[in-house]
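Q: Here's a structure for you.
Any read-out appearing in this document is the output of simple, stated calculations on the displayed coordinates, not a laboratory observation. Remember, predicted model here, so these are calculated numbers, not experimental data. Cβ placement follows ideal geometry from the backbone for every residue including glycine, while neighbour counts extend to all protein chains displayed.
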Amino acid sequence: MSPFHFGIGYAALTGWMELKISYGRQKDFGHIVEVIKRLADSTIELVRQHLSAVHTDYLSTFDRLVQQAAEEQQQERRRE
């Protein structure tokens, strides 16, 4: 399966991220963070490239969520 598709295979990851960010809801941001934790760095960069072409605010939000995901991963590792 492509790194850009998940779920039942019809939603492109980049479009899903864009949609979730556009909602601006905390629960959607939480969903994004959980997905980011499982993505390869190269996939994160591809999402960044897509969002940079959509809107700078979306990219800023995504970068903040990437940072949040990294911080949560560090906390999770410390608890293990």
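Q: Let me have the relative contact order for segment 8-79, percent, based on Cα pairs under 8 Å that are six or more residues apart.
A: 35
Q: Calculated from DSSP H runs of 4 or more alone, at -39500 (n - 2.57) each and per residue, what is the 222 nm mean residue ellipticity of the chain, nearest 500?
A: The per-residue figure over the chain is -24500 deg cm²/dmol.
Q: Okay, moving on. Which three semi-axes in whole Å describe the equivalent ellipsoid of segment 8-79, each the square root of 5 times a Cα gyration tensor eigenvalue, listed largest first?
A: 20, 13, 13
Q: Please check which bits of segment 26-60 a label hung off residue 76 would reach, taking the label as a point 7 Å along Cα-to-C-beta and the cut-off as backbone N under 18 Å.
A: What the label zone holds, given the 18 Å backbone N cut-off, is 27-45.
Q: Highest first, please rank the peptides 14-22, 69-77 by the mean number of other Cβ atoms sitting within 10 Å of their residues.
A: By packing density, highest mean first, the sequence is 14-22, 69-77.
Q: On to the next question. In whole Hz, what ³J(HN,Hα) sequence does segment 63-68 give by Karplus (6.51, -1.76, 1.60; θ = phi - 60°), x for Gly and Pro?
A: Each residue of segment 63-68 in turn: 4, 5, 5, 4, 5, 4 Hz.
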